[in-house]
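Following: one structure in structure tokens, then a few remarks.
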Amino acid sequence: MPALETVGQYITESRRLLQDQIVPYRYPDTDIVDALNVGLLEARRLRADLFLPLFDLPWFDTAGTINTSLPVPMDPQYRSAFVYYVVGRMQLRDDENTTDQRAAAMLTKFVGQMLTIQS
Amino acid sequence: MTCEPTDRLLQTLRVRTPGAPDPMLQLELFNIMDEFFRRTSAWQQESPIELIEGQMDYPIPTPPNATVVRVLWAKHNDLPVQPAGSSAVASQSSLGILDGQLQPDGDSIIDFSLSDINASNIFSWALYRPDYLTITGVSGQDVVAYPFLAQIALSVARSCLDADCGDWDVPEWMWDMYFQEWLDGTQARLYGMMAKPWSNQTLAAYHAKRFRDRMGYRKQEIMKGFTWGQPGWRFPKGGWV
């Protein structure tokens, strides 16, 4: 099974890059899933072909407990880009642990992976 | 492990267009096959139609996941039947000009109101929409006794994109015969896309030229049969003849 199949796996991988793996978390699950939802909107703008054939936009409910077992329907080639987007969006907030440059780098990396051949 | 007819094309495309998702490859492959079939009439089938006295419109039987592009010719009781608008029958063309042979001076030398010449009584056919054949003059037992045979050109239908079978019901020999054409065409469409990891305008132009050139050759080859040396190059205008 390819990596990053479910919402829970995106949360885990994002926390790993955010160095936020100890409870209580700095970034709540709901914020991370919200960022994933926004990332999917961005991807729809940049790469409509990723949502073929019906162009349905996946959306994950953040009201209440997050269902971490829900699958995220995304081509395996572009899954890591969404992790970079989530991390970048988390770090956009004013936080002593992050820098604007790092957030910008992550968001740029997301766009770069969507539009060019780079890893 | 199964091996689908589309596998060779999709495998090659995956390697040559890094980052392109499979649904995108399948969509563009479908688009290019549709264009190829519509231009070349490469996919042909003889469809028998049972005539019913007095009925004009007949649905054209097609294979699954195929759609009619045009009728190439028709025959009935082993005799060719002319399409409406041809010079052998009454006068109908896309420009609405009456047939010159019937009216040599362009004037109404024949008073049609007094004549029994009526297109609806002449055994002929027309195609006003792709999936229905309109046949006029179907009257008498001698006419309905024989099936009407229509040689139709087909293309892939949209339903192919919903099918998981992987062969899209295209005749199997075509996947090898037209491999290069479909590969070039699909690559041209993919490389020509805007702001994609695999975008490349130079390669798009190269493969589009190859596709157009090969499609022109195939169009002539199909009309003349798969025999060596039939298509030639027309000089000085250019193009396969």
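The values are calculated or read from the model by the stated rules, or taken from the named source; none is laboratory data. Fair warning: this is a prediction, and the values are worked out from it, not measured in the lab. A quick note on method: Cβ atoms are made from the backbone with ideal geometry, for glycine too, and the neighbour counts reach across all protein chains shown.
Taking (1) touching a residue at least 12 places away in the same chain (Cβ under 8 Å); (2) more than 22 Å from A:Thr6 (Cα to Cα) in turn, A:Leu70 satisfies each apart from (2). Say we look at the range B:1-24 and pick out the residues that are away from chain A (no Cβ under 14 Å) and surrounded by fewer than 14 Cβ atoms within 10 Å (Cβ to Cβ); which of these is farthest from the chain's Cα centre (by Cα)? Applying the filter and picking the extreme gives B:Met1. For the range B:191-217, a residue qualifies if it is touching a residue at least 12 places away in the same chain (Cβ under 8 Å), among the hydrophobic types (A, V, I, L, M, F, W, C) and within 14 Å of chain A (Cβ to nearest Cβ), and the qualifying residues are B:Trp198, B:Leu203.
Would you point out the residue of the range A:1-27, among those that are in a helix (DSSP H, G or I) and among the hydroxyl-bearing types (Ser, Thr, Tyr), that is surrounded by the fewest Cβ atoms within 10 Å (Cβ to Cβ)?
A:Thr12
With the structure loaded, tell me whether A:Leu54 is under 24 Å from B:Lys196 (Cβ atoms), modelled with pLDDT under 95 and out of contact with any helix residue (DSSP H, G or I) (no Cβ under 8 Å at 6 or more places or on another chain) or whether it fails that test. Explain how you work it out, then say what you get.
Values: under 24 Å from B:Lys196 (Cβ atoms): yes; modelled with pLDDT under 95: yes; out of contact with any helix residue (DSSP H, G or I) (no Cβ under 8 Å at 6 or more places or on another chain): yes.
Spelling it out, A:Leu54 is indeed under 24 Å from B:Lys196 (Cβ atoms), modelled with pLDDT under 95 and out of contact with any helix residue (DSSP H, G or I) (no Cβ under 8 Å at 6 or more places or on another chain).
Within the range B:165-209, the set of residues being hydroxyl-bearing (Ser, Thr, Tyr) and over 22 Å from the mean Cα position of the chain (by Cα) comprises B:Tyr191, B:Ser199, B:Thr202, B:Tyr206.
Residue-wise test of (1) closer than 21 Å to A:Thr108 by Cα; (2) within 14 Å of chain B (Cβ to nearest Cβ).
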| residue | (1), (2) |
| --- | --- |
| A:Gln19 | yes, no |
| A:Ala63 | no, no |
| A:Pro76 | yes, yes |
| A:Ser80 | yes, yes |
| A:Tyr84 | yes, no |
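Going by the conditions given, is B:Arg39 surrounded by 15 or more Cβ atoms within 10 Å (Cβ to Cβ), of a type in the set (Lys, Arg) and within 14 Å of chain A (Cβ to nearest Cβ)? Considered against the rule, which asks whether it is surrounded by 15 or more Cβ atoms within 10 Å (Cβ to Cβ), of a type in the set (Lys, Arg) and within 14 Å of chain A (Cβ to nearest Cβ), B:Arg39 comes out as no.
Checking the condition modelled with pLDDT of 90 or more and in a loop (DSSP other than H, G, I, E, B), which residue from B:Leu72, B:Leu102, B:Leu51 passes? Write out each step before concluding.
On the way: B:Leu72 fails: in a loop (DSSP other than H, G, I, E, B); B:Leu102 fails: modelled with pLDDT of 90 or more.
One residue alone meets the criteria, B:Leu51.
Being within 21 Å of A:Leu50 (Cα to Cα) and either part of a loop (DSSP other than H, G, I, E, B) or touching a residue at least 40 places away in the same chain (Cβ under 8 Å) (or both) is the filter here; which residues of the range A:90-119 pass it? Explain how you work it out, then say what you get.
In the first step, residues of the range A:90-119 are kept if they are within 21 Å of A:Leu50 (Cα to Cα); the result is A:106-119.
Passing the criteria: A:Phe110, A:Val111, A:Met114, A:Leu115, A:Thr116, A:Ile117, A:Gln118, A:Ser119.
Looking at (1) assigned to a loop (DSSP other than H, G, I, E, B); (2) within 14 Å of chain B (Cβ to nearest Cβ), which is the only condition A:Ala43 fails? Going through the list (1) assigned to a loop (DSSP other than H, G, I, E, B); (2) within 14 Å of chain B (Cβ to nearest Cβ), A:Ala43 breaks only (1).
Under the condition of being touching a Phe, Trp or Tyr at 6+ places or on another chain (Cβ under 8 Å) and away from chain B (no Cβ under 14 Å), which residue from the range A:86-119 is surrounded by the most Cβ atoms within 10 Å (Cβ to Cβ)?
First, the residues of the range A:86-119 that are touching a Phe, Trp or Tyr at 6+ places or on another chain (Cβ under 8 Å): A:86, A:88, A:90, A:106-107, A:109-110, A:113-114, A:117.
Adding the requirement that they be away from chain B (no Cβ under 14 Å) leaves A:86, A:88, A:90, A:106-107.
Values: A:Val86: 29, A:Gly88: 23, A:Met90: 23, A:Met106: 21, A:Leu107: 19.
Here the residue is A:Val86.
Whether a residue is under 23 Å from the mean Cα position of the chain (by Cα), within 14 Å of chain A (Cβ to nearest Cβ), surrounded by 13 or more Cβ atoms within 10 Å (Cβ to Cβ) and aliphatic (A, V, I, L, M) was assessed, and B:Leu27 passes this test.
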